[in-house]
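One structure below.
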Amino acid sequence: MGRLRLDLNQARERMVVEQLERRGIKDPRVLAAMRTVERDRFIPPEYVDHAYDDGPLPIGSSQTISQPYIVALMTEVAELKGSERVLEIGTGSGYQTAVLSQLAAEVYSMEVIPELLERARRALDTIGVRNVHLRCGDGSEGWPEAAPFDVILVTAAMPGIARPLVDQLSPGGKLIAPIGEEDLQTLVRLQNINGSWQEQYFGECRFVKMTGKHGF
Ligand code: SAH
């Protein structure tokens, strides 16, 4: 076990250098969080040897844990300073949740598949996070009771920007989401700056699809 932990830690450091830094992830806080959070705790035991591979991995229920680079990119695009309230939609494994928990004040995360949420809860418990709130339900409608949020980060593909999510942003808040078709999306950041909506694009991505009222 001691040996394995050492190997995993070395693999994680390699992941940060080769997959993140070399591809342009720069925010030192994001890089530090990616160095801290043990991705291997968020994947099924049979894939532990691949915990730091450059891609998504199956987590059961036909869902996946996102590629490390995509987790880092979405987190960087959120520009977290530490005081924010964040809503994540699509808890999945809980890995992105854990990364966000290192960088924001409070993290709310919603998952529609109960088994995944319970597994994520256990994994998050093992790393001892205290600022994460989990809820089972249709995240495409957001979490109105906990709104407003400074950042809403959607980690499942959406056909368009869902109105309820926009309504749950704080003034100047950011919505980050993969928007597009079921098999290919664009990573979009929507932000209200002085009363006008600005959209920025951060390249193509492939997420599993969002279900629910405002999903596919
Ligand atoms: N952030 C995750 C990636 C999860 S994949 C990670 O780091 O592991 C996307 C997840 O979104 C899946 O677990 C899927 O079940 C969930 N999902 C899909 N539609 C949803 C909805 N309407 N509400 C909440 N979660 C949803």
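The values are calculated or read from the model by the stated rules, or taken from the named source; none is laboratory data. Here the structure is a predicted model, which is why all the values come from computation and not from measurement. Ideal geometry is used to build each Cβ from the backbone, glycine not excepted, and the neighbour counts take in all protein chains shown. Protein only, heavy atoms only, side chains kept; ligands, DNA and RNA dropped before computing areas. Shrake-Rupley method; radii C 1.70, N 1.55, O 1.52, S 1.80 Å.
Of the peptides 196-209, 106-119, the ranking by mean beta-carbon count within 10 Å, highest at the top, reads 106-119, 196-209. Computed as a quarter of the hull surface, the mean projected area of the alpha carbon convex hull for region 66-149 stands at 5.2 nm². Could you provide, to the nearest whole Å², the per residue accessible area of region 3-205 with probe 1.4 Å? I get 45 Å² per residue for region 3-205. Listed by chain and number, the lysines whose C-alpha is less than 22 Å from the C-alpha of K209, apart from same-chain residues fewer than 8 away, are K174.
Highest mean packing first, where packing is the average number of other Cβ atoms within 10 Å per residue, the peptides 127-140, 69-82, 164-177 line up as 69-82, 164-177, 127-140. Treat the chain as a sphere of radius equal to its Kirkwood radius over Cα pairs and apply Stokes-Einstein at 37 °C in a medium of 0.692 mPa s; give the translational diffusion coefficient in µm²/s, rounded to a whole number. The diffusion coefficient I find is 191 µm²/s. Note on K26: aspartates and glutamates with a C-alpha under 17 Å away, same-chain residues under 8 apart excluded, are E13, E18, E76, E79. Take the solvent-accessible surface of the protein heavy atoms, probe 1.4 Å, and return the percent of it on the chain that carbon and sulfur atoms account for. The value for the chain is 49 percent carbon and sulfur by accessible area. For region 1-106, the equivalent ellipsoid derived from the alpha-carbon gyration tensor has semi-axes of 21, 17, 12 Å in decreasing order.
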